[in-house]
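Q: Shown below is the structure under consideration.
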Amino acid sequence: MVTAFAIANPGLEELVEDEVRSLWPACEAKTERGGVTFQVQLGDLQVRLADLRIATRVLIRVAEFTAKDFPKLHKRTLALAWSQWLASDADIKVKAASQASRLKIKKRIEDVVSEAITEARGPRPRAAASRLAQIYVRVDQDRVMISADACGELMHKRGDREDVGRAPLRETWAAAVVQRLRGLLSRTANSEWVWIEPMAGTAVFAREWRADRPTRDWALGQVIRVSSKAEGETASLQAPRSHAQIRSWCFADSNPARRKALSAWLAGESSFSIADSQQELAASLMAAIGSPEASRDEHRVVVVNPPWGVRLQSPDAVNTRARQVAFLEGLEQSFRPAVVAVIFPRTREGLAGAPAGWRELKPLQFKVGGLPVVARFFEVKARLPR
Ligand SMILES: C[S@@+](CC[C@H](N)C(=O)[O-])C[C@H]1O[C@@H](n2cnc3c(N)ncnc32)[C@H](O)[C@@H]1O
């Protein structure tokens, strides 16, 4: 059993805790500042690590001790069983952070820990192409915490999205929005939904909903050794996380390269459409169902991340309250949704009012590249499946 720490984006800690509990039901998870601490078998962590979608990184605690000077830091680090933690062909990179402690100079902490680990491992054959294990050292009020990174690259890199554009919404944030949506949609048990992304881009939300397993590499099992066997059954790995099913996928994007990438990604789906603009998508949906009244039988979930217009000026930018009000009205007119998730930049004027009949649920607040944004969720009672 090890102690692991799943790092969360500020504002997403509780959702990460839900995620950890659902993947490792037996673990004792506890939300702390910046993430979630949990106890898990290394083998079980390895088996399900790729299914963790909201956390940004997972660290494994190697040791915790008090050190007020560098000789003590060296001695305690040297005494740890590094050869059991690290693969013999792994090189190491140490990253330190320190606050309110006598050991202050980050570079010096990194050098001392790095030297002690190298000494502890003893002479190693020089590998042709060595891989990197990242070791994190945090010193807080003279308590030193040494951790090994289980991930390698950050978790939002799923390995399946190439064209991310200039201001991509990270997969980990999109996964948080999707987790909230799953909760909303499952409240309406076993219903089938039409998924609408009118400004799909790389379809980050749809990808997170479908949750294809990332095929990328992980540090755990490669540079960090796993000796304990997984206890859980791998057969249950793909268990659905909600009852809600997507019956058809409807996307629009004005960028031809993105439409092309989308159609490749959707190739295996039985029902999907990709339009050149949100206006065209709205028109085709209206035509398909005949009259707006008929849409009552079709349960639509609209997920949209419109151009925010903070850095990229665009005529569609939603950077003022008035534009956000108009944008929500546009979604109501065009798509007659039952559930909506929309990401807006926060404005000084506060949250935009919603169209008549829309009921707002708890929003998610977070920052994207330092910019405060809000993911807002609405349901339209009259159109929800009964
Ligand atoms: C902020 S990005 C959305 C990013 C998206 N969530 C993703 O996963 O990449 C906005 C997207 O809207 C598209 N877009 C802008 N105006 C549009 C319009 N009128 N109709 C359809 N797509 C539009 C852009 O091409 C861009 O891909």
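The values are calculated or read from the model by the stated rules, or taken from the named source; none is laboratory data. If you're wondering where the values come from, they're calculated on a predicted model, not measured in any experiment. Methodologically, a virtual Cβ is constructed for each residue, glycine included, from the backbone with ideal geometry; neighbour enumeration extends over all protein chains shown.
Q: Please verify whether region 25-35 includes one or more residues that are within 23 Å of LEU132 (Cβ to Cβ) and of a type outside the set (Phe, Trp, Tyr). Before the answer, list the steps.
A: First pass over region 25-35, keeping only residues within 23 Å of LEU132 (Cβ to Cβ): 35.
Still in the running and of a type outside the set (Phe, Trp, Tyr): 35.
Yes.
Q: Which number in (1) within 16 Å of the chain's Cα centre (by Cα); (2) in a helix (DSSP H, G or I) marks the one condition that GLN46 misses?
A: Failing condition for GLN46: (1).
Q: Give just the number: which of (1) closer than 21 Å to VAL302 by Cα; (2) surrounded by 15 or more Cβ atoms within 10 Å (Cβ to Cβ); (3) at pLDDT below 95; (4) more than 24 Å from the chain's Cα centre (by Cα) does VAL226 not satisfy?
A: Only one criterion is unmet by VAL226, namely (1).
Q: Please go through region 190-213 and give me each residue that is of a type in the set (A, V, I, L, M, F, W, C) and more than 17 Å from ARG53 (Cβ to Cβ), ordered by number.
A: Within region 190-213, the subset of a type in the set (A, V, I, L, M, F, W, C) is 193-196, 199-200, 203-206, 209, 211.
Residues satisfying the conditions are TRP193, VAL194, TRP195, ILE196, MET199, ALA200.
Residue-wise test of (1) of a type in the set (A, V, I, L, M, F, W, C); (2) surrounded by fewer than 14 Cβ atoms within 10 Å (Cβ to Cβ).
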residue: HIS74; (1), (2): no, no
residue: LYS95; (1), (2): no, no
residue: ARG108; (1), (2): no, no
residue: ALA116; (1), (2): yes, no
residue: GLY122; (1), (2): no, yes
residue: ALA133; (1), (2): yes, no
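Q: Tell me the residue from ARG336, ARG348, ARG321 that is surrounded by fewer than 18 Cβ atoms within 10 Å (Cβ to Cβ) and in contact with a Ser or Thr (Cβ under 9 Å, 6 or more places away or on another chain), please. Before the answer, list the steps.
A: Details: ARG336 fails: surrounded by fewer than 18 Cβ atoms within 10 Å (Cβ to Cβ); ARG348 fails: in contact with a Ser or Thr (Cβ under 9 Å, 6 or more places away or on another chain).
Going through ARG336, ARG348, ARG321 in turn, the sole match is ARG321.
Q: Restricting the search to region 263-289, which residues are more than 10 Å from the ligand (Cβ to nearest atom) and closer than 21 Å to GLU208 by Cβ?
A: Those that are more than 10 Å from the ligand (Cβ to nearest atom) and closer than 21 Å to GLU208 by Cβ: SER263, ALA264, TRP265, LEU266, ALA267, GLY268, GLU269, SER270, SER271, PHE272, SER273, ILE274.
Q: Which residues, taken from region 265-285, are modelled with pLDDT of 90 or more and among the hydroxyl-bearing types (Ser, Thr, Tyr)?
A: Answer for region 265-285, where residues must be modelled with pLDDT of 90 or more and among the hydroxyl-bearing types (Ser, Thr, Tyr): SER271, SER273, SER277, SER284.
Q: Given (1) at pLDDT below 90; (2) under 30 Å from LEU86 (Cα atoms); (3) buried (at least 16 other Cβ atoms within 10 Å of the Cβ); (4) within 16 Å of the ligand (Cβ to nearest atom), identify the lone condition not met by ASP212.
A: Going through the list (1) at pLDDT below 90; (2) under 30 Å from LEU86 (Cα atoms); (3) buried (at least 16 other Cβ atoms within 10 Å of the Cβ); (4) within 16 Å of the ligand (Cβ to nearest atom), ASP212 breaks only (3).
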